[in-house]
Amino acid sequence: MLNVCQFTKSFHLGGTEGQVLQLLRGLEHRYHLRVGVLDEAGPLMDEVWKLGHPTRAFPLGGGVMRPNTAFQIARLASWLHETRTDLVHVHDFSSTLVVVPAAKLAGVKVVVGRLDLAHWHSPAQRRVLVGLTRAADAVVANADAIRRMLVEEDGVAPRRVYVIHNGIDLVRFDARAARGLEAPLPDTNGEPVVMHVANMNHPVKRQEDLLVALAQLKHEGVRLHAFLVGDGPRRVALQRLAGALGVAEVAHFLGHRTDVPAIWGRAAMGVLCSTAEGLANAIIEGMAASVPMVVTNAGGNPDLVVDGERGLLVEPQRPQELVVAFKRLLTDPAWGKQMGASGRRFVEESLSLDRLAVAHDWLYRSVLHDTESESRPAVAPALAAAPA
């Protein structure tokens, strides 16, 4: 059985970490798996250990511009060699800085995951990431928009970039939803709720636009509550904005929650307001819960939501378009349910855990058995070949 290492920064709550966990579940019977991290921390770490994967940490200790980074690269290269690792798949920016040079030193195949539009990188970080991405044996993008960026802007050879959409374990998702809430939710007096799931770390998430839309709806006499799930340094400012707009009584900041599947069951619709996005797990989970989604036409969002079929697309930073979309769903809930059902079918057919595993299995074996990569197609056919 081939030895494959999955490497990520940590196992805190986040989209990337969640997808690594999904991969570990999907691939555990196909490979001998090892897990590497920069920081052995996060609430998802228990799930990794329950799967029987003890982690090996390579801590950077506060930054990459220190001698310790070279030491950790050497440690990782030695570990990859000693464990006879055949391939390492790295999933985030910080880890890529360590993993790609270590893999090259150890003579191990390396796959780099590029899961966003590099919107939060400085110009210097972007240049370094581009160089390391070009050095990889293959690159996984989770959305068509990211693949276009890699090829057209970063100059990565098209034949080495593969689109593999995120996946979700629907059995686990449904079971978690059925277990119910871990903590009470705010009382909305039976009024409809729109749900927003995103971190509050980066301005690109644009929770501000949702708050402005709620204020406009209030001005028009339309009552709509919002559950904002997530946390981060921007939360205080967002709560202050909600107060200034007069919507503090309908904008409910829930913080981090581990019962998100159950909370989706209380929502009439979901929303994501981002100006830049990879393939958002929040949208996938909303559709898995049969909730119609209102999302911006940004990044990988159109890969998931076809306007008028699985939800509604709006342009970024246009709260008035959110208002119109919300009102359409509020006035025609039957149409919303129909789109929610369509979203659920799409997740079942195209974003299953099995498809995620089959696509990565095909890619890993293709990289390992085709050194020159010349015969590999430009986009992973495993998505089309995977069983429905």
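The values are calculated or read from the model by the stated rules, or taken from the named source; none is laboratory data. Small disclaimer: the values here were computed from a predicted structure and weren't measured. Every residue, glycine among them, receives a Cβ derived from its backbone with ideal geometry; neighbour counts consider all protein chains shown.
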Inset, instruction - Considering every residue within the stretch 3-19, establish whether at least one is more than 22 Å from the chain's Cα centre (by Cα), buried (at least 16 other Cβ atoms within 10 Å of the Cβ), at pLDDT 95 or above and not in a strand (DSSP E or B). - result: no
Legend entry - Selection from the stretch 142-174 of residues that are without any contact (Cβ under 8 Å) to a residue 60 or more places away in the chain and surrounded by 21 or more Cβ atoms within 10 Å (Cβ to Cβ): 150, 156
Inset, instruction - Mind listing just one residue for me: the one in the stretch 232-258 that is within 22 Å of the chain's Cα centre (by Cα) and surrounded by 18 or more Cβ atoms within 10 Å (Cβ to Cβ) and, of those, nearest to residue 208 (Cα to Cα)? - result: 234
Legend entry - Residue that is among the small types (Gly, Ala, Ser) and either over 26 Å from residue 308 (Cβ atoms) or part of a helix (DSSP H, G or I) (or both), where the choices are 242, 226: 242
Inset, instruction - Scan 156, 108 and give me the residue that is under 29 Å from residue 275 (Cβ atoms) and β-branched (Val, Ile, Thr). - result: 156
Legend entry - Tally of residues being buried (at least 19 other Cβ atoms within 10 Å of the Cβ), part of a loop (DSSP other than H, G, I, E, B) and among the charged types (D, E, K, R) across the stretch 282-324: 1
Inset, instruction - Working carefully through the options 119, 89, find the one that is within 24 Å of residue 276 (Cβ to Cβ), crowded, with 18+ Cβ neighbours inside 10 Å, in contact with a His (Cβ under 9 Å, 6 or more places away or on another chain) and not hydrophobic (A, V, I, L, M, F, W, C). - result: 89
Inset, instruction - Tell me, yes or no, whether the stretch 167-179 has at least one residue that is among the aliphatic types (A, V, I, L, M) and within 30 Å of residue 242 (Cα to Cα). - result: yes
Inset, instruction - From the list 279, 330, pick out the single residue that is in contact (Cβ under 8 Å) with a residue 24 or more places away in the chain and either assigned to a loop (DSSP other than H, G, I, E, B) or not hydrophobic (A, V, I, L, M, F, W, C) (or both). - result: 279
Inset, instruction - Tell me, please, whether a residue that is touching a helix residue (DSSP H, G or I) at 6+ places or on another chain (Cβ under 7 Å), assigned to a loop (DSSP other than H, G, I, E, B) and over 30 Å from residue 238 (Cβ atoms) can be found in the stretch 175-196. - result: no
